[in-house]
Amino acid sequence: YDDRDGKIWYDGKLVDWRDANVHILTHAMHYASSVFEGQRAYGGTVFELTRHSQRLHKSAKIMGMSMPFSVEEIDQACKDVLEANGLVDAYLRPVAWRGPEEMGVAAQKTKTHVAVAAWEWGDYFADKAKGIRLDIAPWRRPAPYTAPVDAKAAGLYMICTMSKHHAADRGFDDALMMDWRGQVAEATGANAFFVKDGVLHTPTPDCFLNGITRQTVMDLAKRRGIEVVERAIWPEELEEMQQFFLTGSAAEVTPVRSAGPWNFEVGELTLGLMNDYSKLVRGQLSNS
Ligand code: PMP
């Protein structure tokens with residue numbers, strides 16, 4: 001990913017892709033003092049751009065990191081990166097991290113650095129349309145009193161990468177993670193929804209990200225007159241669920257064919273929401 005042409009927005013300037021580097025003593029690399037975003041542009045327009053920039057700010061605040069750029073400046077940085085790279089349909093990755101100005105657990109003297117990169121990224125899952133297969137993750141989402149679970153913070157992703165690799169080694173596309181109580185939480189980079197008798201069920205986001213796509217899909221479902229129930233979901237209940245799909249800025253709406261021992265159909269309701277979402281992000285469905 002590093003050795004290529006293009007531009008990256010880095011601390012307020014567009015720099016050459018190859019020169020967008022950090023020092024070895026970058027605090028974030030040693031202590032995971034980094035927060036990030038991920039969003040997509042469709043036809044040149046970033047879907048929910050400001051909400052992503054706001055969430056970056058919120059994540060930084062939760063982590064006690066100062067933010068040298070306003071939400072508006074980060075919005076503009078995203079637009080500038082798309083333009084500088086001639087991108088129309090792309091994935092954007094804003095990131096903010098503590099730099100090398102101080103080394104050690106205490107990091108009050110570090111500066112927050114901010115960058116935005118963008119590149120073309122097709123479907124997050126190769127078999128998206130026919131439904132993906134999930135493993136059950138060996139790691140659980142941490143309790144809210146053990147980690148800053150409302151921040152999109154790099155440190156929370158180590159168990160996601162390990163779970164995803166564990167799943168891939170066993171031939172699966174991704175992994176479904178339970179939370180510390182044993183309730184169903186989410187996949188390694190996307191939220192979970194289930195369909196049972198025409199009703200949508202989704203775990204209450206009390207120890208994982210309440211995704212922007214998740215909130216968007218809940219609105220889309222309500223517009224279709226579908227009842228949405230947010231509640232604790234136990235793994236045993238998956239036996240009774242007829243459909244299962246994931247939501248995320250990268251994953252969009254992705255049907256799930258199986259999760260551990262449980263199988264699901266790629267049904268009408270899932271496909272309908274998948275279609276609504278793909279229209280909405282392209283401005284082909286009104287936003288209200
Ligand atoms: N959970 C995790 C762990 C994620 O990484 C993501 C992707 N940001 C999501 C959920 C979905 O969030 P969003 O819809 O805002 O992209």
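The values are calculated or read from the model by the stated rules, or taken from the named source; none is laboratory data. Remember, predicted model here, so these are calculated numbers, not experimental data. All Cβ positions, glycine included, derive from the backbone under ideal geometry; neighbour counts span all protein chains shown.
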* Asked: For region 40-62, which residues satisfy the criterion of being within 12 Å of the ligand (Cβ to nearest atom) and within 14 Å of residue 252 (Cα to Cα)?
  -> 40, 47, 48
* **Pairs, first under 19 Å from residue 233 (Cα atoms) in region 157-180, second away from the ligand (no atom under 11 Å from the Cβ) and in a helix (DSSP H, G or I), C-beta under 6 Å, six or more apart** => 175/167
* Structure fact -> Taking region 144-177 and the residues there that are surrounded by 19 or more Cβ atoms within 10 Å (Cβ to Cβ) and more than 13 Å from the ligand (Cβ to nearest atom), the one that is farthest from residue 35 (Cα to Cα) would be 172
* Residue count for region 224-275, restricted to those that are touching a residue at least 40 places away in the same chain (Cβ under 8 Å), loosely packed, with under 15 Cβ neighbours inside 10 Å and not in a loop (DSSP other than H, G, I, E, B) -> 1
* To do: Give region 185-219 a look and list any residue that's assigned to a strand (DSSP E or B) and either more than 6 Å from the ligand (Cβ to nearest atom) or touching a His at 6+ places or on another chain (Cβ under 6 Å) (or both), or say none.
  => 185, 187, 192, 193, 194, 195, 196, 199, 200, 201, 202, 203
* Can you name the residue in region 14-39 that is within 14 Å of the ligand (Cβ to nearest atom) and not small (Gly, Ala, Ser) and, of all such residues, is farthest from the chain's Cα centre (by Cα)? -> 35
* Do we find a residue being in contact with a Pro (Cβ under 8 Å, 6 or more places away or on another chain), in the same structural domain as residue 180 (by TED's automatic domain parsing), of a type in the set (Phe, Trp, Tyr) and surrounded by 20 or more Cβ atoms within 10 Å (Cβ to Cβ) anywhere in region 202-212? -> no
